[in-house]
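A.B. asks: Next up is a structure, given as structure tokens.
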Amino acid sequence: MNLHELHPFAEERKQRKRVGRGSATGWGCTCGKGNKGQNCRSGGGVRPGFEGGQMPLARRLPKRGFTNIFKVSYTPVNLERLAKTFEGKSEVTLDDIYASGLVKQGALVKILGQGEIGAMTIEAHRFSKSAEDKILAAGGQFKALEG
């Protein structure tokens, strides 16, 4: 294989529009921007949300509450789903939970205590009190991770 055999070939790629290169091109003179005015100028136009001097919608509507940018959200997983998904396994790691599709990759996981489970070692970021009690009662272990 050589460089000239690679796809897409040069003639198959779309050429950029070169404006202002003479009237024969069809994009000469005003370059498709029309005659005079704000929008024909370099850097012309209005910013997003500008309503021609009218009070913008973002300022007309009342502002309520706030967004807590420090909030940490955990994705809940119940013991019964773990037991069903990892039936016969004695150890469930965080990577196993991600790989099974129970939780999106990289999300913080909290194990909740709904359902029953066998003797299992479970790894997650957080555990509810009832989940901890059920895991220990079944003869398993839990490992809380940093995160």
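The values are calculated or read from the model by the stated rules, or taken from the named source; none is laboratory data. As the structure is a computational prediction, the values presented were derived from the model and not from experiment. With ideal geometry, Cβ positions are generated from the backbone for all residues, glycine too; neighbour counts draw on all protein chains shown.
A.B. asks: Report whether or not residue 66 is without any contact (Cβ under 8 Å) to a residue 24 or more places away in the chain, closer than 23 Å to residue 104 by Cα and aromatic (Phe, Trp, Tyr).
C.D. replies: no
A.B. asks: Follow-up question, since we're still on this one. Here's a check for you: in segment 1-24, which residue that is among the hydrophobic types (A, V, I, L, M, F, W, C) and in a loop (DSSP other than H, G, I, E, B) is farthest from residue 42 (Cα to Cα)?
C.D. replies: To start, the set of residues in segment 1-24 that are among the hydrophobic types (A, V, I, L, M, F, W, C) comprises 1, 3, 6, 9-10, 19, 24.
If we keep only those that are in a loop (DSSP other than H, G, I, E, B) as well, we get 1, 6, 9, 19.
On the way: 1: 45, 6: 38, 9: 34, 19: 13 Å.
Only one residue fits best here, namely 1.
A.B. asks: Same structure again: Look at residue 33 and say whether it is part of a loop (DSSP other than H, G, I, E, B), modelled with pLDDT under 95, out of contact with any His (no Cβ under 8 Å at 6 or more places or on another chain) and not aliphatic (A, V, I, L, M).
C.D. replies: Yes, satisfied.
A.B. asks: Could we say that residue 56 is of a type outside the set (A, V, I, L, M, F, W, C), farther than 30 Å from residue 142 by Cβ and surrounded by 10 or more Cβ atoms within 10 Å (Cβ to Cβ) here?
C.D. replies: Yes; evaluated as a whole, the condition is true for this residue.
A.B. asks: Just to verify a result, which residue in segment 120-147, among those that are in contact (Cβ under 8 Å) with a residue 24 or more places away in the chain and either within 12 Å of residue 82 (Cα to Cα) or acidic (Asp, Glu) (or both), is surrounded by the most Cβ atoms within 10 Å (Cβ to Cβ)?
C.D. replies: 122
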